1. Distance from the Cα centre of the range 116-186 to that of the range 59-113, in angstrom?
2. What is the magnitude of the charge dipole of the range 110-197 about its Cα centre, with +1 placed on the Cβ of each Lys and Arg, -1 on the Cβ of each Asp and Glu, and no other charges, expressed in debye to the nearest 20?
3. Using the crude model of +1 on Lys and Arg Cβ and -1 on Asp and Glu Cβ, and no other charge, please compute the dipole size for the range 51-144 relative to its Cα centre, in debye to 20.
4. Sorted by average packing, counted as other Cβ atoms within 10 angstrom per residue and highest first, what order do 235-241, 111-117 take?
5. Please compute, over every Cα-Cα pair in the range 65-198, the percentage with a separation greater than 28 angstrom.
6. Can you find, among G47, S360, F73, the residue farthest towards the positive end of the dipole of the chain? Put +1 on the C-beta of Lys and Arg, -1 on that of Asp and Glu.
7. Let me check against my output: what whole-number percent is the relative contact order of the chain, with C-alpha pairs under 8 Å and at least 6 apart?
8. Express in % the proportion of alpha carbon pairs of the chain at distances exceeding 30 Å.
Amino acid sequence: MNKNGTLLLLFLASFFFACTRKISPQSQGGSGTAKIDSTKGLKDYYGKLFPIGVAVTPRNLQTDEAGLILRQFNSLTAENAMKMGPIHPEQNRYFWTDADAIVDFAQKNGLKVRGHNLCWHAQTPRWLFKDSATGNDVTKEVLLQRLRDHIHNVVQRYKGKLYAWDVVNEVIADDSATYFRKSPWFQICGEDFVAKAFEYAHEADPNAVLFYNDYNTEQPVKREKIYRMLKKMLDAKVPVHGVGLQGHWSVNNPSQAELEKSIQLFSSLGLQVQVTELDISVYSGRQGGQLIQGAQQQGQQAQFTPEMEQQQLEKYKMIFDVFRKYQKQITGVTFWNVSDRSSWLDGRGRKNYPLLFDASLKPKKAFWDVVRF
């Protein structure tokens, strides 16, 4: 063979090697042997199992993140825009702009939408609980009427455009001595507001799938209290259809055994299970509530170390192995924020790196283990 022929063969061999590396999990940091198509997104790999969603702000849809969202996800949740405070800041005023923008983007691009959320102790405007004339707390009857009006107005606006709602969020207390969180909702209405919220949402949109949503659902004491509340409502024919495991987890929490117990227990009630707010903190501890701990001080820029990367990869791999194992019970998985560029966890005192995409919107090593199955 002449010199030109040899050079051609070398070029073709190099080109072939480069192409196989492009789709190889080893070249992307994975540990398996199967080949992966790097042109596919999470929604494509899991398309036959369940939707893969992401929580967004309107700004996410106006930057380069929009392209990543469309490649990787097929469901959206409004991170804040549909919560009561942002969408209903004053008694006689609604702010629809941000929520409308998210729903319009989803409709234009053929994405599903989950509503989040209709009743919560946080991000609730103060006016809801107060008599404007006296400044005192309103009566139970007045508060329930205000809740009904709010739910009807919001749910009916998006009826037919949203397939599901997180109706009630985080009403169960974390500690073992208390059942319900002692929020203004509970102090004025007792337990009744929870069932009423589901009834109002079902009135407003009988076709929507209605979820109770909470964190630390893998902790045995809290899990049992949530189960007890849900069973009581189901026995009373309250229209609750699913439970959202928020999935604010960390590199050492939850264990596989406790995660599986939660899925088994809640699905035994005939409820759909969705993971609604998934992220994996690179720090040990629990992310729900105010429990996450760490050594970094406010504003300190922590680095994403190889040790963090490996621990996070192992946790993501484990939980998605579980999700696939229980694919008949799990009807959706939603990540909380798009990438490590910006996460709600950054506001907890140190930079965190909890998602599958880095600040440059590139897939991290954990991504390749999530899609390898």
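Here, each number is a calculation from the coordinates, and none is a lab measurement. Predicted, not measured: the structure shown is a model, and the values here were computed from it. Neighbour counts run over all protein chains shown; Cβ positions are idealised from the backbone, glycine included.
1. About 21 Å separates the Cα centre of the range 116-186 from the one of the range 59-113.
2. On the way: 13 positive and 10 negative charges, 107 e Å.
Once rounded to the nearest 20, the dipole reads 520 debye.
3. Values: 10 positive and 10 negative charges, 38 e Å.
The dipole magnitude comes to about 180 debye.
4. Values: 235-241: 15.3, 111-117: 23.3.
Highest to lowest by the protection proxy: 111-117, 235-241.
5. 24
6. Checking the options against the dipole of the chain, the answer is G47.
7. Values: 648 pairs, mean separation 60.4, N = 373.
Relative contact order of the chain: 16 percent.
8. Working: 28850 of 69378 pairs.
The proportion of pairs with Cα distances above 30 Å equals 42 percent.
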